[in-house]
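Just so it is clear, none of the values below were taken in a lab; they were calculated from the coordinates. All values reported here derive from a predicted model rather than from experimental measurement. Using ideal geometry, Cβ is built from the backbone for each residue, glycine included, and neighbour counts are taken over all protein chains shown.
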Amino acid sequence: MNHPCARDSLFLMDDYSYAYVIGECGSMKRKTRILCEDDMGTHETVYDNQHKNEEWCRSLVESSANSIYLVDRSCRYLFMNRKYLSRLHIKEDEYQGRSYSDFHSPEETQQFAMKVNHVFETGASIQYEYNDNSGKYFLKTLSPVKDSETGVVTAVTVVSIDITELKRAEKEREQLIKELEAKNDEMERFVYTISHDLRAPLVTIQGFVEMLRKDMIQDKNTTNTEDIRMYLEYIEGGVSKMERLLSETLELSRIGRVTNPLEDVSFGDIVGEALEMTMEQIKSSGIEISLAEEFPVVHVDRMRVMEVLVNLIENSINYMGEQRDPKIEIGYRLEKGETVFFVRDNGIGIDPSQHEKVFELFYQVETNNRGTGVGLAIVKRIIEMHKGRIWIESERGKGCTVCFTLPVVNTCTW
């Protein structure tokens with residue numbers, strides 16, 4: 001009697017390969033017969049479609065821009081796609097028998113192992129972010145691979161997406177929001193100043209004009225020259241303050257909108273030009289100037305940086321106080337691989353609580369000072385326009401050092 005499978009058939013072998021058997025099946029009890037000869041015409045198409053689906057799935061995984069890999073409970077690799085192989089700088093036959101710890105730090109491995117264990121225990125997917133030692137950020141999704149019959153988790157699939165650019169964009173967005181908030185605060189102070197500080201000299205002018213008019217009406221035949229001169233001086237002072245405030249506010253608004261070409265220039269040359277601009281004030285104040293012997297070359301808007309130095313020198317002069325031996329030092333230092341320029345004086349100094357405030361628009365350390373409170377806001381904006389930083393090192397009564405950074409040109413030719 002013939003075996004019921006004595007016809008030509010397609011079998012699935014123990015190693016999951018396919019075998020086409022012609023004739024008697026013999027003792028092939030452990031094999032699974034897929035197709036018999038009578039079904040070949042229809043089911044060969046099914047097999048071909050399954051094969052194609054497998055190829056398509058593999059092609060999708062291999063062509064993915066994301067790293068995809070499979071691990072067991074011990075974090076041993078069972079599969080890696082080309083992207084992940086490329087990221088680890090290994091070939092396809094080099095990952096077998098290797099674990100996650102062979103390519104990652106102990107800290108990363110410990111974190112990953114905890115996530116894998118969580119998936120095995122709960123049977124649920126999990127997602128988390130991490131950054132590696134190279135500064136890259138990744139979003140990892142760990143999903144369980146379950147036995148179709150028992151539902152037991154047998155492995156974990158990992159899809160790792162490089163989100164470094166997204167993180168960079170998020171940081172830029174946060175920075176832009178901070179800058180916008182700062183500009184809004186600045187605008188609020190500006191509106192306050194327009195309504196208050198500009199109004200103050202107008203009130204002064206109006207008051208003294210009224211007093212002058214009354215004096216002239218009450219004393220038609222005599223002219224008190226001294227009083228008139230005094231009134232006119234107050235009026236002139238109010239007008240000058242308004243003109244100065246408006247000019248500096250306009251200058252502040254121009255920074256960033258109106259720029260000169262950047263050029264490579266010795267910082268010492270810019271210092272020399274700034275000293276020429278302030279020489280009259282320096283001499284009349286009896287201030288001793290000391291400079292570094294040599295200065296590095298910087299890549300800057302020359303006119304704007306000169307404006308920075310002029311402002312800082314004038315500030316040092318204005319806040320020198322009763323110093324009998326006034327000094328201003330202009331120099332630079334190397335700090336953690338960065339060139340830090342500075343303007344240092346031995347004046348009245350600034351309390352640490354005001355180090356940040358002095359750079360705010362219209363802020364003045366002393367309200368009776370003849371300045372407008374715009375100078376350091378201009379300085380800060382110019383430095384930031386050059387992608388630099390500016391800060392103050394000072395204590396009350398111990399002088400003041402204004403530090404800032406600028407792009408320095410590497411002049412080494414070796």
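A few comments on the model shown:
- Counting Lys and Arg as +1 and Asp and Glu as -1 over every other residue whose Cβ lies under 14 Å from the Cβ of Q96, the net charge comes to -2.
- By average C-beta atoms within 10 angstrom, highest first, the peptides 147-153, 383-389: 383-389, 147-153
- Among the listed pairs K140/K167; K283/K398; K83/K140; K140/K178; K327/K398, those with a Cα-Cα distance over 21 Å are K283/K398; K140/K178.
- Cα centre as origin, Lys/Arg/Asp/Glu Cβ charges: region 64-162 dipole, Debye: 160
- Under 17 Å from the Cα of K146 - lysines, other chains or at least 8 residues apart: K115
- Relative protection proxy for 399-410, 132-143, 261-272, 298-309, from highest mean packing down: 298-309, 399-410, 261-272, 132-143 (other beta-carbon atoms within 10 angstrom).
- Formal net charge of residues neighbouring Q111 (Cβ-Cβ distance under 14 Å; K, R +1; D, E -1): -2
- Theoretical gain in end-to-end length, Q175 to E233 [0.36 nm per residue, Cα-Cα removed]: 16.1 nm
- Where labels lie 7 Å past Cα in the beta-carbon direction, separation of T339 and R82 in nm: 4.7
- Listed peptides 90-99, 348-357 appear in the order 348-357, 90-99 once ranked by packing, highest mean of other Cβ atoms within 10 Å at the front.
- Hull-based mean projected area of region 64-162, where the convex hull spans the alpha carbons, in square nanometres: 6.2
- About the centre of its Cα atoms, region 119-190 shows a dipole size close to 120 debye [charges on the beta carbon of Lys, Arg (+1) and Asp, Glu (-1) only; nearest 20 debye].
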